[in-house]
Each structure stands twice: as structure tokens, then as C-alpha cells.
Amino acid sequence: MNLLSASHLSDWHIMGALALAGLAGPLLLPALATQIAFLWLMVVFALTWDMLGGRMGYNSFGNIVFFGIGCYAAAVVQRDGGLPYFEGLASGLVVGAVAAVLAALVFGAAMLGIRGHYFAIGTLGLGIAAGEIAAGWDYVGAGSGMALPLYPGELGSREIFFCYSLFALAALCFLVFRWLYGTRFGLALNAIRDDHDKADAMGLRTTPIKIFAWSLSAFFLALSGGLTANMIGFIDPRDVAFAGATFGVWMVLMAILGGKGTLWGPVLGAFVFHIVQELFWTYLLGWQRVALGLLIVVIVVFFPQGIMGWWAARRLRATS
Amino acid sequence: MSALLEVRNVTRRFGGVVANNGVSLTVRQGEIAGLIGPNGSGKTTLFGCITGTHAVDGGDILFEGRSIAHLRSAPIARLGLLRTWQQTRVYSEMTCAENMAISAREAQGGLLSLLRSVPVSTRRKGDDLLAFAGLHEKRGDKAGSLSFGQQKLLEFAMALMNEPKLLLLDEPTAGINPTLINGLIDRLRRANTELGVTLLVIEHNMRVIMNLAHRITCLAHGEVLAEGPPEAVRADARVLDAYLGVA
Amino acid sequence: MLDNLSLFVQYPPLAADVILNGLLIGSIFALAAYGMALVWGVLNIVNVVQGELVVLGGYVTFLAVQAGLPPLLGLPLSAAVMFCLGWLIYRAVIFRVVDKDIFISILATFGLSILFQQLANAVFGSDVRTVDAGLGSLHLLDGTVTLSHVKLLAFALALGAGGALWLFLRHARLGQAIRATAQNPRAARILGIDTNRVYAMTYALNGALCGAAGSLAVMAWTIHPYVGLPYTVRSFMVVVVAGVGNVAGVVGAGLGLGALENVAGFVFGVEFQIAFVFALMVVILVWRNAMAARKRGYLE
Ligand SMILES: Nc1ncnc2c1ncn2[C@@H]1O[C@H](COP(=O)(O)OP(=O)(O)O)[C@@H](O)[C@H]1O
Ligand SMILES: [Mg+2]
């Protein structure tokens with residue numbers, strides 16, 4: 001039919017605008033480079049959570065595990081590898097991605113058969129157990145965490161570098177997911193979400209589909225972990241790498257806030273949430289975490305359909 | 001005609017309730033078989049046993065001569081044996097067209113084959129079958145927004161999309177507007193004759209099943225009460241008793 | 001780790017001390033788990049804020065003792081205060097999610113959990129708190145086994161509360177209404193039961209149970225703002241193992257978990273005790289699922 005329908009065209013418009021912003025942002029606003037880098041990290045968080053939670057109906061509180069594996073793999077490889085900075089970083093990212101995908105295969109085979117709230121609570125346990133194990137394990141610095149090697153470039157160039165790296169990662173993640181959601185695989189994810197038993201009874205190979213989806217999320221999360229650890233320069237087991245009560249919950253919240261199971265919802269949710277969160281940190285000194293808890297409750301209770309859902313309902317009302 | 005499905009002495013318990021007690025029945029290649037019985041007589045449970053939702057406590061089930069009693073529902077479906085549900089099961093947040101696309105044979109393939117968009121031929125076939133079920137103008141609507149009767153039709157069309165050898169239908173006319181029932185009977189027959197799908201139909205409406213089925217099995221209290229051509233089963237005093245006694 | 005294990009085997013009185021103390025601490029888990037089972041069974045909600053209710057109950061007793069009250073008075077006070085807080089939480093948040101998708105209620109109670117955890121941290125600071133109940137200890141086997149009287153009290157209370165709960169659900173009017181609502185809310189409404197009130201009272205009762213558990217926890221053990229989630233996960237695990245409607249099972253599973261956890265803390269080191277709790281839950285869920293999947297079926 002009409003390949004250049006209105007929605008199709010605006011999709012490309014938004015992507016173009018975002019690409020421009022992503023490329024120009026750090027140059028125009030170098031002082032905000034770290035914040036912008038975190039924004040792209042949040043986009044990766046929301047997109048990867050949404051593949052399971054929004055598209056497949058598996059609400060995970062444990063995706064932070066793969067981020068943490070990425071952090072630690074990079075830190076260990078860069079500490080013990082004896083390589084120059086960028087070679088070390090690159091190998092750390094590769095090792096982290098491989099380790100996270102292997103972990104996703106194992107955890108996926110074990111846990112993706114678990115349904116509903118058992119899966120949600122089980123993955124919550126997974127994330128916290130990982131953080132606690134890291135916090136007690138001397139090889140990875142136990143409770144005091146690990147420091148990463150110093151970025152070799154001049155002052156201020158580190159932020160710019162990681163800002164662009166995380167932007168590239170977020171863009172790649174978005175494009176890959178966007179393509180996937182247009183294939184039979186995307187439809188299969190939705191089928192599993194809407195009625196798992198029916199999908200089984202129609203002969204879909206649900207187990208490999210689910211494990212592949214989680215592995216793909218793990219892949220992008222591990223890369224984002226390695227980059228973020230290097231950007232911050234330090235990882236704490238509970239507050240950075242396996243930060244279940246912050247990053248781990250934010251993933252869920254951003255996807256829901258934007259509208260889960262939609263293409264742009266997670267991206268939108270990440271933008272809105274990140275800005276709100278920065279404002280909290282600026283204006284609610286000392287109480288920002290309390291406010292975040294409250295924000296979660298308010299969003300979930302009063303706004304569970306998200307911005308995209310609200311928008312769609314409004315448009316529907318306008319046309320009918 | 002050879003046997004496509006053979007159920008041999010299948011028993012299934014739920015705690016103390018024996019929902020199926022040594023049930024045996026045969027569905028022959030190409031026929032329309034009927035399964036009747038009062039409410040709670042174990043018809044739906046038997047479908048669950050055949051298609052892998054329930055564990056079977058005793059007996060065996062053969063499809064094309066091989067035992068499927070211990071297979072899960074997905075491999076059974078890939079052998080060409082599908083079912084529909086009494087309470088309907090469709091993918092409610094997906095459009096009717098998407099429901100059809102993901103029900104195609106090729107969607108049962110491995111991961112690599114899933115990483116492709118739905119081919120035009122599949123879309124067209126889905127549209128044709130939606131038209132066959134009388135749902136063509138709903139193709140862009142979410143399946144969850146359809147009425148109960150429309151969902152039943154969609155579920156039937158999804159099953160046909162998969163080109164099964166044997167299709168088990170659980171009360172296909174329940175909840176359908178009575179004026180549309182004759183049209184539905186006609187579609188079931190055409191699925192059988194034109195698309196070559198063997199059918200095993202649970203049906204409550206006696207007029208429908210007498211009209212439709214070549215052979216009928218009657219269950220009561222989880223056991224086979226009578227079996228044979230429609231006229232013989234209808235004339236059987238025990239069948240009359242079971243219906244009058246319970247319903 | 002292996003050294004600890006061999007020490008454990010070679011020196012039985014030490015093993016007895018670790019296991020018995022764990023069992024007694026487990027009675028606190030059982031108390032919190034009754035509440036979770038109630039809320040789960042009646043409201044069909046997995047209450048992730050459970051552990052924070054326990055911790056807040058502990059702070060109530062801590063504040064009461066600071067204000068000069070005798071520690072044992074802190075116990076009923078914690079229960080009463082947390083009963084009211086439970087009722088308030090229901091009125092403010094829970095009743096809005098009670099009929100929604102279960103994930104929504106999990107996320108909402110998770111948000112409450114973070115909220116209370118951070119509030120406790122902002123108000124009371126992150127220090128580890130404990131209260132000396134001033135009750136002394138029981139010494140067995142020449143002093144190798146030391147059981148504080150507070151733990152024995154916790155044990156007695158957990159058993160007593162279990163029995164009382166059982167009687168209440170069976171014989172009290174409200175208890176019967178709660179059971180009717182748990183079985184079929186629609187039918188209960190038709191029979192004239194105000195299910196909204198039943199939900200509120202159930203959640204408040206859960207608050208009281210958590211308050212008592214927290215009061216015992218601060219006297220027999222320690223609390224700080226971040227131990228809430230472990231209590232939630234312990235309660236969850238106990239209920240999953242015991243089943244939602246099984247009071248005796250909850251006692252057994254709670255005590256067993258306490259003992260197991262203490263042994264694990266001893267063998268692997270205390271720094272891994274929390275990791276053990278969470279990993280154990282994952283293992284239980286995976287195992288349960290594997291058992292169900294063996295027989296063609298899936299668990300919902
Ligand atoms: N999942 C289940 N758990 C417990 N009992 C069940 C379950 N499914 C069916 N039953 C019981 O098995 C018997 C047969 O039910 P069913 O197969 O649905 O009958 P029918 O489809 O002929 O009306 C009934 O007594 C019913 O209560
Ligand atoms: Mg039935």
C-alpha cells in the first residue's frame with residue numbers, strides 16, 4: 001500500500017531529529033555531556049526492558065544483572081589485561097557482552113518458564129543476589145567496588161567520548177529492535193504476551209524465542225554497563241553495577257511511563273523520566289530518593305497506560 | 001478410511017474427580033466426528049489430554065500411528081493437530097491480521113526463520129481466510145475488541161491458517177448469533193471438504209451436530225456412553241437419559 | 001567455607017546453637033509471612049512493601065524505648081501503629097490497584113517499598129539499630145548454646161499468633177467474611193459483605209503482624225533502613241513453599257528458613273547471608289517450575 005503514509009514519514013523525521021540532537025548535543029552543550037550520556041543510557045535501559053516487559057509480557061526486575069555483568073567484566077579485563085586504555089575497553093566490552101549473553105542463556109533456560117508475578121519476584125531476587133555476591137567477593141573488590149583506569153584524553157574529552165559511545169549504542173539498539181518488531185519474531189513476542197498457552201498450542205517455539213529476546217537485551221545492557229563504568233570511573237556493587245532499587249526499577253518505570261509495548265514509548269519515557277529525575281536531584285536535595293519512590297507509586301497507580309496509551313486514547317476519542 | 005487419531009483408554013483425574021475414565025475414540029482421516037455429552041462430562045478435558053495441556057494419567061493417544069500422549073502442546077501442534085477453546089483464545093492486543101500472520105505454518109519454524117517479515121503471500125492468505133470467516137472488515141481491529149462470537153470465528157480462521165490435518169473444535173457455535181449458525185455449519189463443512197481438514201467437534205446444539213457429523217461419540221460422567229452414526233446415537237435410550245437426566 | 005563446615009560437623013553443640021538461634025529468628029519470618037499470605041490470598045496482591053512494614057514496626061519500638069517506655073510495651077505499640085498505617089496505605093494506594101493486573105500491584109507496592117525505605121533512611125539515618133529488651137538469656141550445654149529470652153518470646157508469639165489467626169479466620173465474623181472474600185469476592189458482595197472494608201481490615205491486620213515482627217526483630221536482632229526487601233523475599237518464599245492458605249505450613253517453613261539461613265550465614269560467611277536468601281528464592285521458584293513442567297503442565 002502507501003509506503004510513505006503519514007506515520008511512516010514522521011517515524012523517520014523523529015529519528016533524524018534525534019540523530020541530529022545526539023550528534024550536535026555534546027558539542028553545543030559540553031557542560032551537560034555527562035547528563036546527555038546518562039540520557040542515552042536510560043534509553044537503552046527502557047528499550048531493553050520493554051522487549052521483555054512490554055512486547056513479551058515478562059516483567060523482569062532483574063535485567064540489571066546484565067548491566068552489572070558488563071560493568072564488572074570491563075573492570076576486570078581492564079585491570080588484569082595489561083592492555084592500553086582503548087584496547088582494554090574494547091576487549092572489556094566484548095568479554096562483558098559474551099558473559100552477559102551466556103548468563104542470559106542460563107538464567108533464561110532456568111527462569112523463563114516461570115510465569116507472571118513469580119517471574120517478576122524471581123528476577124528481583126536474581127538482581128539482588130548478584131549485587132550481594134559481588135559485594136562479598138574479594139576478587140572484584142567486594143563491598144568497596146572497583147576503580148577503572150583513567151581515561152587518557154585531555155580534560156573534558158572523556159565525557160564527550162562516552163556521550164557519543166552511549167548515543168551510538170542507544171541508536172543501534174533502537175534500530176535493531178525496530179527492525180525485529182517488524183518481523184515474525186516481533187509478532188511472536190506479542191503472541192506470547194497476549195496468551196502464552198495459545199502460542200504454545202499453535203506450535204510456536206516459545207522457549208528459544210524468549211531466551212533469544214532476553215539474550216539480546218543482555219547484550220545491549222552489558223555494553224552499556226562497560227561504557228557507563230568507564231564513564232563514571234568507579235563501580236559500586238549495589239549502587240552502580242547491580243543497582244536494583246534505582247536503575248533496576250527505573251527501567252521498568254520509564255517503559256511504563258512512555259507506554260510499554262510501543263516503538264517510541266520507552267524512548268519518550270526515558271527522556272521524560274531523566275529530565276524529571278535531574279530536576280529532583282537539583283531541587284530536592286536529600287529527599288530526591290523519597291520523591292522518586294512517590295513518583296513510582298503515582299505513575300503506576302494513576303498512569304499505568306503511559307504517555308503513548310494516553311495519546312492513543314485521546315486520538316480515538318477525537319475521531320469517534 | 002484409516003484412523004488419524006486414536007484415543008485408547010485415556011484416564012485423567014483432577015484430585016478426586018475422574019474427568020476422563022478409560023475413554024476410547026477414533027477419528028478417521030477426512031471425516032467430521034462429533035463429541036457430545038452433558039455439561040461436565042469431560043469433553044473439554046479430553047481435548048486437553050489429546051493436545052498436550054493435561055498430563056494423561058492412563059491410556060495412550062496415537063496421531064497418525066505415533067504416540068503423542070507425552071508430548072507438549074507445541075510439538076503436537078507442529079504435527080498438524082490443533083484445537084480451539086470453548087472460552088476462545090486469541091491474541092487480544094494484536095490486530096486480526098496479525099493474529100492470522102502469526103498463526104501461519106512458517107511461524108512454527110526456528111529462530112532464524114522468524115527473523116523475516118511476513119511475506120505478502122501469507123498476508124493475502126490471512127485476508128482470504130478472514131473473508132472466509134466473515135471478518136474481513138475487522139482485519140485492522142484488535143482481536144480483543146471483537147464480540148465473543150467474532151472471536152470464535154477468528155480462532156477458527158487462525159486454526160485454518162495453520163493448515164492442520166486434524167482440528168478439534170470446542171463448541172464452535174456457542175455464543176454465535178443463532179441466525180449465523182447455518183453459515184458457520186456451512187464453513188465447517190467447507191473447511192472439511194475444500195481445505196481437507198479432518199474435524200472433531202464438541203457441540204451442545206443437537207440439531208447442529210446431527211446435521212454436521214458423520215459419526216458421534218457421547219460422553220457421560222467421563223465415560224463413553226454411545227458411539228455411532230448420528231441417527232443411531234440419537235435413538236440410543238441411554239443418550240436420551242443422560243441428556244434429560246442432567247440438563 | 002569448608003573449615004566452617006567441618007567445624008560445624010565436628011562440634012555439635014555449636015551446630016545446635018546456630019540451628020536453634022536460626023529457628024527462633026525464623027519465627028519472626030513466620031509472623032511476617034502470615035501477613036503476606038493473608039494479603040496474597042484475600043487481595044490477590046504480592047505485597048512487596050511487606051519488609052518495610054516490618055522495619056517501620058521495628059523503628060516504632062526503637063522510638064518508644066528511646067522515649068523511655070519499657071521495651072515489651074513496644075510490641076503492642078508497634079502492632080497498633082502499624083495496624084493504622086496499614087489501613088492508611090490501603091486507603092491511599094492499595095485499593096486503587098487491588099483489581100488491576102497483578103504486575104501493577106507489584107510495581108505499586110515496590111514503589112511504596114522504595115518510598116518507605118528512603119523515608120526511614122532520611123528520618124532515622126542509615127545506622128544499624130537494636131533495642132535491649134533487658135530479658136537476659138537462657139544458657140544450655142555449659143553455655144555453648146545461648147538463646148536470648150526475646151527470641152524465645154518471639155517463638156511463643158509466632159505460635160500463639162498462628163493459632164489466634166487460625167481461630168480468628170474460622171470463628172470470628174470478620175474472619176469468616178475475610179475467608180468468603182478470598183474465595184469469591186463477587187459472591188461475597190452479593191451476600192452483603194462489604195469487601196472493600198474486608199480488604200482494608202485484612203491489609204491493616206497484615207500491618208499489625210508486620211509491626212509485631214519488626215518489634216521482635218529490633219529486640220532479638222537488628223534493623224536498618226535497607227533490610228526491608230530481605231523480609232519481603234523471606235515472606236514470599238515461606239508462602240510459596242507453604243501455600244497461601246496454610247497457617248501451620250507457614251510456621252514450619254518460616255522456622256526452617258530461619259535455621260537454614262543461619263547455617264548458611266555461618267558456613268559461607270555473614271556477608272553472603274542476604275545473597276543466600278535471594279538466591280534460595282530463585283532456586284525454589286526454578287525448582288517448583290521444573291517439577292510442574294515435568295508433567296506437561298505449567299504453573300500460573
Ligand atoms: N482444571 C481443572 N481442575 C479441576 N477440575 C477440573 C478442571 N477441568 C475440568 N475439571 C472437572 O472435570 C470435569 C469435566 O469437565 P469438562 O471437561 O470441562 O467437561 P465438559 O467440557 O464436558 O463440560 C468437571 O467435573 C470439572 O469440574
Ligand atoms: Mg467444555
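Being over 18 Å from C:Val218 (Cα atoms), more than 10 Å from chain A (Cβ to nearest Cβ) and modelled with pLDDT of 90 or more is true for just one of C:Leu112, C:Leu169, C:Leu88. Which residue is that? Result of the check over C:Leu112, C:Leu169, C:Leu88: C:Leu88.
Checking each residue in region A:279-297 for being more than 13 Å from C:Leu115 (Cβ to Cβ) and at pLDDT 90 or above picks out no residue at all.
Results for (1) within 14 Å of chain B (Cβ to nearest Cβ); (2) touching a helix residue (DSSP H, G or I) at 6+ places or on another chain (Cβ under 8 Å); (3) open to solvent by 40 Å² or more (accessible area, probe 1.4 Å), shown as yes or no for each residue.
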| residue | (1), (2), (3) |
| --- | --- |
| A:Gly125 | no, yes, no |
| A:Ile133 | no, yes, yes |
| A:Cys163 | no, yes, no |
| A:Ala168 | no, no, yes |
| A:Met202 | yes, yes, no |
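Looking at region C:64-77, which of the residues that are without any contact (Cβ under 8 Å) to a residue 60 or more places away in the chain and of a type in the set (Gly, Ala, Ser) is surrounded by the fewest Cβ atoms within 10 Å (Cβ to Cβ)? Among those that are without any contact (Cβ under 8 Å) to a residue 60 or more places away in the chain and of a type in the set (Gly, Ala, Ser), it is C:Gly68.
Looking at region B:163-170, is at least one residue more than 16 Å from ligand 1 (Cβ to nearest atom) and away from every other protein chain (no Cβ under 14 Å)? Within region B:163-170, not a single residue is more than 16 Å from ligand 1 (Cβ to nearest atom) and away from every other protein chain (no Cβ under 14 Å). For region A:206-221, the count of residues that are of a type in the set (D, E, K, R), within 20 Å of the chain's Cα centre (by Cα), modelled with pLDDT of 95 or more and open to solvent by less than 40 Å² (accessible area, probe 1.4 Å) is nonzero. With respect to the conditions (1) away from chain B (no Cβ under 14 Å); (2) of a type in the set (Gly, Ala, Ser); (3) surrounded by fewer than 20 Cβ atoms within 10 Å (Cβ to Cβ), A:Gly182 lacks only one, and its number is (1).
Does any residue of region B:62-85 turn out to be open to solvent by 10 Å² or more (accessible area, probe 1.4 Å), within 16 Å of ligand 1 (Cβ to nearest atom) and among the aromatic types (Phe, Trp, Tyr)? Yes; the residues of region B:62-85 include at least one that is open to solvent by 10 Å² or more (accessible area, probe 1.4 Å), within 16 Å of ligand 1 (Cβ to nearest atom) and among the aromatic types (Phe, Trp, Tyr). Among the residues making up region C:78-106, those that are touching a residue at least 40 places away in the same chain (Cβ under 8 Å), open to solvent by 30 Å² or more (accessible area, probe 1.4 Å) and over 30 Å from A:Gly54 (Cβ atoms) are C:Ala80, C:Val81, C:Phe83, C:Cys84, C:Leu85, C:Trp87, C:Arg91.
One residue alone among B:Thr173, B:Thr217, B:Thr198 is of a type in the set (Ser, Thr, Tyr) and away from ligand 1 (no atom under 16 Å from the Cβ), and that residue is B:Thr198. Name the pairs whose Cβ atoms lie under 7 Å apart, with the first residue in region B:107-128 and away from chain A (no Cβ under 11 Å), the second charged (D, E, K, R) and surrounded by 14 or more Cβ atoms within 10 Å (Cβ to Cβ), and 6 or more positions between them or separate chains? Filtered contacts from region B:107-128: B:Asp127/B:Arg139. Scanning region B:8-37 for residues that are of a type outside the set (S, T, N, Q), more than 7 Å from ligand 1 (Cβ to nearest atom) and open to solvent by less than 10 Å² (accessible area, probe 1.4 Å) yields B:Val10, B:Val23, B:Leu25, B:Val27, B:Glu31, B:Ile32, B:Ala33, B:Gly34, B:Leu35, B:Ile36. Listed here are the helices (runs of 4 or more DSSP H) enclosed by region A:240-320 that have at least 3 residues being within 11 Å of chain C (Cβ to nearest Cβ), within 22 Å of A:Leu221 (Cα to Cα) and not basic (Lys, Arg): A:249-258. Condition test on B:Thr44, is it within 16 Å of ligand 2 (Cβ to nearest atom), more than 7 Å from every other protein chain (Cβ to nearest Cβ) and within 24 Å of B:Arg190 (Cβ to Cβ)? Judged against the criteria, B:Thr44 is not a match.
The values are calculated or read from the model by the stated rules, or taken from the named source; none is laboratory data. Fair warning: this is a prediction, and the values are worked out from it, not measured in the lab. Neighbour counts run over all protein chains shown; Cβ positions are idealised from the backbone, glycine included. Surface areas here come from the heavy atoms of the whole protein model, side chains and all, with no ligands, DNA or RNA. Shrake-Rupley method; radii C 1.70, N 1.55, O 1.52, S 1.80 Å.
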